[in-house]
């Protein structure tokens, strides 16, 4: 209605007003880009894309939990667990520091499947604890978070894990194009694939509709014949599988793994989702929103890094951005009163 | 001095896309009950929220004792002597009666002369006095969660009284009260009138209005229609003003013919010993079976038990002669039973989702391509069919359901169930909280469904609705079925006699 008459300028202003944080960061990026020579470089771009890609996968996983009014605090530790397992199993056969010497050199495809199964199981455990034991998701996943970290420490012997097969690291760090000039990391395509898949699930499938319905009103969903237990379990399993994929990729990306890998990622993922408009009161959230939220967060980190801000202050700034972004987002709803 | 304790004039309030209030006025005299009437969506609640400081008016003025005032928030309203008892009570169930009443303004004292602490003794003593004032005799130390709905309401009224309010807003106070409790409420209102409190009384129940109101203001579509002395008005006159047209029939003619028994319940008993027990009844094809009883008769619990929301110990459900096993709602739905629940907001709508999502959620299996992809066109078709069939007023299928009026929300929910083409439809208070015009439309839908051969169970606390719509009425009291009355022979008296047959 009347949108056709709106000038481009007015429309643009509307978009800016709707997403102030995003535009502030874009402006900040442009400013930093002008001040620092190599900010606008393909290398930096590729770095941003790869970092965002992994975080995006984790955020996609946790988004389902958030949309159904839950949460998943075990996300980061699950990523660490997957990284440790993938790291150990992908060690070279002739590497001296191999942890599991009884294993032959593994095919990295098979390792991927093993990690997926592990993620599936963690998700299943979370889902069952939440739905069948009726433990609130916050507490349930706080518990599994600690359990998983412990297990990661046990199996990794609290040691850093290295000596990966070359194919594992080169494949996952692979890129299309000129490595010194314009190139796109494979991780971008992985993230894009999952982004599309999740968009499809959230918008076009019965599971997606059930998820939003549970978030909107769980009792009403149950009364309407939605199998809420099964749907929620599926959501936590999907989340577990996504963390597993992220962990598998992250170990190869970093060229090493340890039990502490992924620490705090659950909070970054939750923050990203929230910045991207996923409502913690349930029923609201979109895949593009999650992408924007994660991207904003990663962009912010790179900007701070280029500005040479003391890394300890990064946490302060990131925290401020979370609070600011969500308070601005919530204003949209409050203003309607 | 003004003759009015509070005047609102020229009040306008717009929400994105709707003008909720358009130059509305309301003038309250001390010691009078002023009924505020209008269909749902007429703007009554919005007006009250403006008075109570929850919403800010776009235009308009509030005067108290002739002096212009601004009310910035509910705390400010309370300070100025305006109190509101909301339709949906919002107590803190885990805290005591006293704490609920004095929430936010606990009486304080100084421990050791300087540490401010809550003066519990004064709080509970004051609470006891207040409870006496509203003719209630329970313990101020009792947890509010343990009280009945009407007792909770009394607590809310006591809270309002304790603020020494001069204006008391009661929003649909009787919607979940039994006849005796309504009488008790009316006595409290009489007491307050004697203390010169001006009362705004919002209700859809004509008999109540005509009984206790002194003045009546009617609103329609956000506009002020007029104010009358209650004794000038009749039910017909009020309805005509509210809907802006003459309403001849309260209930549509019915042409359904009950056939064979399709649904039979035998000896159905809850796992909760205080709930329904040994219930048996039969339901015929194309029959409308009304279910009457007082609040607390366990009618809702029984139906929720049949639908798999609650558990039962013994009992059998036969459907076309075959036993049905129902452990959760999905089982009932899969076998052709549908249930419109009583609490529209609590277990009906998904507020933040669209009309399309809300209407299709129970029948998504019908719109799948290749077994898993939802066909948006089919869902849109479902929405459009229902919009046309039931006259649902919604700007688009993408509109969030929370922005529709109660009546339209209810129609969307009816549409949700009809999409599954059920044979047995349980309707729990299908017209609660919706306005006269939408009520009639819902009645027509029910009558049509019965004519199509669907079997309907309708719980209702409105006597006239039960009598006007049912082929047969099953009456319950305290968890037991106390009798059946044929629709043609039903009177308020014989239903009430069965409904009060306590053991």
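Tabulated data
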{"quantity": "Chain A, relative contact order [Cα under 8 Å, separation at least 6], %", "calculated": "32"}
{"quantity": "Distance histogram in 5 Å bins (all Cα pairs of region A:202-250, percent per bin)", "calculated": "5, 21, 25, 20, 12, 9, 5, 2, 0"}
{"quantity": "Over chain A: helical MRE at 222 nm, DSSP H runs n ≥ 4 each giving -39500 (n - 2.57), nearest 500", "calculated": "-23500 deg cm²/dmol"}
{"quantity": "More than 18 Å apart - percent of Cα-Cα pairs taken over region B:219-270", "calculated": "61"}
{"quantity": "Normalised convex hull volume, chain B, alpha-carbon set, Å³ per residue", "calculated": "178"}
{"quantity": "Mean projected area (nm²) of the alpha-carbon convex hull when chain A is viewed from all directions", "calculated": "20.2"}
{"quantity": "Global geometry of region B:324-367, whether rounded, prolate or oblate, following the gyration tensor of its Cα atoms and the 1.5 cut on a/c", "calculated": "oblate"}
{"quantity": "Percent antiparallel among DSSP beta bridges (both partners in chain B, rounded to 5)", "calculated": "55"}
{"quantity": "Highest to lowest packing among B:491-502, A:298-309, A:72-83, B:285-296, scored as the average C-beta count within 10 Å", "calculated": "A:72-83, B:285-296, A:298-309, B:491-502"}
{"quantity": "Computed P(r) (all Cα pairs; the protein assembly as shown; 10 Å bins; percent)", "calculated": "2, 11, 17, 20, 19, 15, 9, 5, 1, 0, 0"}
{"quantity": "Fewest-first ranking of B:155, B:118, using other Cβ atoms within 10 Å as the exposure measure", "calculated": "B:118, B:155"}
{"quantity": "Neighbour-count order for A:16, A:294, fewest beta carbons within 10 angstrom listed first", "calculated": "A:16, A:294"}
{"quantity": "Cα gyration tensor category, rounded, prolate or oblate, for region A:66-217 with a/c compared to 1.5", "calculated": "oblate"}
{"quantity": "Global geometry of region A:136-222, whether rounded, prolate or oblate, following the gyration tensor of its Cα atoms and the 1.5 cut on a/c", "calculated": "oblate"}
{"quantity": "Chain B: relative contact order in percent, alpha carbon pairs under 8 Å with at least 6 residues between", "calculated": "15"}
{"quantity": "Fraction of beta bridges assigned by DSSP in the protein assembly as shown that are antiparallel (%, nearest 5)", "calculated": "60"}
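Laboratory data are not the source of any read-out in this text; all were calculated from the coordinates shown. Quick caveat: nothing in here was measured; it's all calculated off a predicted structure. In this analysis, Cβ positions are derived from the backbone assuming ideal geometry, glycine residues included, and neighbour counts consider all displayed protein chains.
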